[in-house]
Every structure is written in C-alpha cells, then in structure tokens.
1. If you scan the range 78-96, which residues turn out to be closer than 23 Å to HIS121 by Cβ, crowded, with 21+ Cβ neighbours inside 10 Å and away from the ligand (no atom under 12 Å from the Cβ)?
2. Residue check: is PHE207 part of a loop (DSSP other than H, G, I, E, B), in contact with a Lys or Arg (Cβ under 8 Å, 6 or more places away or on another chain) and surrounded by fewer than 18 Cβ atoms within 10 Å (Cβ to Cβ)?
3. Hey, can you tell me all the residues within the range 82-105 that are part of a loop (DSSP other than H, G, I, E, B) and modelled with pLDDT of 90 or more?
4. Can you find, within the range 17-48, the residue that is modelled with the lowest pLDDT among those that are away from the ligand (no atom under 12 Å from the Cβ) and either polar (S, T, N, Q) or touching an Asp or Glu at 6+ places or on another chain (Cβ under 7 Å) (or both)?
5. Looking at the range 28-44 only, could you name the residues that are buried (at least 19 other Cβ atoms within 10 Å of the Cβ) and either assigned to a strand (DSSP E or B) or under 23 Å from the mean Cα position of the chain (by Cα) (or both)?
6. Can you tell me which residue in the range 210-240 is modelled with the highest pLDDT, limited to those that are surrounded by 14 or more Cβ atoms within 10 Å (Cβ to Cβ) and charged (D, E, K, R)?
7. Looking for whichever is closer than 30 Å to MET1 by Cα, free of Cβ contacts under 8 Å to residues at least 60 places away in the same chain, in a helix (DSSP H, G or I) and among the acidic types (Asp, Glu) here; the options are GLU156, GLU178. Which one fits?
8. If a residue must be in a helix (DSSP H, G or I), free of Cβ contacts under 8 Å to residues at least 60 places away in the same chain and away from the ligand (no atom under 12 Å from the Cβ), how many such residues does the range 1-16 contain?
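The values are calculated or read from the model by the stated rules, or taken from the named source; none is laboratory data. Every value quoted in this text rests on a predicted model; they were computed, and no experiment measured them. Reconstructed Cβ throughout: ideal geometry from the backbone, glycine too, with neighbour counts over all protein chains shown.
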Amino acid sequence: MRCLVIEDEQESARYICHALRVAGHEAVSCDNAVEGELLALTGDWDAIVLDRLLPGSRDGLDVLDSLRRAGRQLPVLVLSALASTDERVHGLRAGADDYLTKPFALEELLARLDVLVRRQHPPRATSQLQVADLQLDLRSQRVTRAGQVIALQPREFRLLEYLMRHEDQVVTRAMLLESVWEYHFDPQTNVIDVQISRLRNKIDRDFDQPLIHTVRGAGYRLSALTSPETSLLEPPDGKT
Ligand code: CA
C-alpha cells in the first residue's frame with residue numbers, strides 16, 4: 001500500500017515510515033498541514049496516517065475535513081495525544097476511520113492500517129474473478145487454470161474478463177464488439193470468432209471440462225455448467 005504520513009514530530013514520523021517500509025509498503029512523510037493537505041488531495045494513496053496536532057493555523061482535523069469535502073474517501077487513521085473520549089469521538093465524527101492515541105505500538109498502527117485498507121478494497125470482490133478452476137486476477141493481470149499460468153494477449157484478457165463477469169449468461173457478438181473492441185458498428189469480420197478460438201485454445205484445450213461454450217445463432221457463454229442444450233450444439237474442440 002501507498003501511505004502518506006502527516007506528522008510533525010520527526011522521530012515519530014521516521015519510526016512510522018520505517019515500520020511501513022519494513023512491512024513492504026511505500027511511505028511518504030510530511031510535517032505540516034498545508035503541504036499534507038496538498039499531497040493528500042493530489043496523490044494516489046491507499047491510506048493516510050494523520051497527526052491531530054500540527055504546527056500552524058491548520059491542524060489534522062482541518063486536513064481531514066478538506067479531504068472529505070473534496071469527496072476523497074480513502075482511509076484516514078488519526079494519531080493524537082488527546083486521549084479523552086470527547087476528543088476521540090470528535091476525531092471520528094470529523095471523518096477519521098480510526099483514532100489511535102499516543103503513545104502507541106507500531107504493530108498496532110500497522111494492524112489497524114491493514115484492516116482499514118482491506119475494508120476499503122475487499123480483495124475477492126474487486127480483483128479476483130473465478131469460474132470453476134479458472135482464475136483471473138485483475139490487479140496482477142494473471143490468469144490461471146487449475147493452478148497453471150495461462151499467458152494471454154491484452155485483448156484476450158479483456159475478452160475473458162468480460163465473459164467471466166457474465167458467467168452463465170449468453171454474451172452476444174454485439175455485446176463483445178461494443179465492450180471489448182469498443183466498436184459501435186459491426187465490422188462484418190470474423191474477428192470475434194478468431195479471438196474466441198484463440199482463447200479456447202489457451203483456456204480449454206488442455207483441460208477436460210470446456211468452459212467457453214458456443215450458443216449457436218446467439219453468441220457465447222462462459223460456464224462451468226454443461227447444459228444439455230450446449231452439449232448438443234457444440235462438440236468441444238477436438239475432444240470427446
Ligand atoms: Ca504533533
């Protein structure tokens with residue numbers, strides 16, 4: 001994860017950034033609200049660690065407020081020496097996702113950040129598609145079937161992603177042209193059939209269970225279910 005640490009106490013900032021990097025994350029620190037706000041609004045961060053009390057006229061909660069007003073929903077963990085219940089409630093109401101009082105253990109800070117980031121990006125819902133033993137990871141752009149890595153061209157990857165997102169549904173040529181090729185007209189070529197055939201060679205040929213099915217006269221369907229209709233219509237490529 002990419003983490004912005006807005007903290008004016010140098011030693012504390014250094015410890016936090018070091019701990020984040022040791023845990024395999026990227027960390028950038030900044031020691032004042034003005035610069036922190038600018039970085040928070042313009043950078044691509046997965047989480048922000050924000051000290052409540054900062055020097056100058058703007059404090060951590062002002063930074064948080066302007067971030068939320070700008071519609072940025074990324075997780076923010078507020079650090080503060082102000083430990084009273086009122087202060088914590090105030091911080092959480094201001095839009096903090098979590099509030100940790102000083103002094104704290106670095107392990108706890110890391111664990112809380114992990115929870116916040118995981119909550120923001122549930123990994124299976126957003127990055128992994130799966131149909132039977134076929135898996136597609138959107139983040140790493142990796143496709144495997146039964147654990148074997150399958151190398152795909154970019155277009156094949158998008159085609160497979162589209163089919164997997166429409167698992168068990170009939171996908172027409174028009175839908176594929178529009179979504180995968182971004183053609184808003186029918187180019188009157190066999191481009192889709194060629195691409196499906198290549199994809200089939202990679203996804204299905206070496207496996208017993210075909211996943212890509214032709215629905216004659218309609219289009220294609222990616223499914224682990226072999227309906228009677230499908231098996232009648234479509235002899236799997238060269239396999240019995
Ligand atoms: Ca401070």
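1. Matches in the range 78-96: ALA96 only.
2. Yes.
3. If the condition is that a residue be part of a loop (DSSP other than H, G, I, E, B) and modelled with pLDDT of 90 or more, then GLY95, ALA96, ASP97, LYS102, PRO103, PHE104, ALA105 are the ones that fit.
4. Just the residues of the range 17-48 that are away from the ligand (no atom under 12 Å from the Cβ), to begin with: 17-30, 34-35, 37-48.
Applying the additional criterion that residues be either polar (S, T, N, Q) or touching an Asp or Glu at 6+ places or on another chain (Cβ under 7 Å) (or both) yields 29, 42.
Numbers: SER29: 97, THR42: 92.
Across the range 17-48, the extreme among qualifying residues is THR42.
5. SER29, CYS30, ALA40
6. Only one residue tops the list, namely ARG221.
7. Working: GLU178 fails: closer than 30 Å to MET1 by Cα.
Exactly one of GLU156, GLU178 is closer than 30 Å to MET1 by Cα, free of Cβ contacts under 8 Å to residues at least 60 places away in the same chain, in a helix (DSSP H, G or I) and among the acidic types (Asp, Glu), namely GLU156.
8. Within the range 1-16, residues that are in a helix (DSSP H, G or I), free of Cβ contacts under 8 Å to residues at least 60 places away in the same chain and away from the ligand (no atom under 12 Å from the Cβ) number 1.
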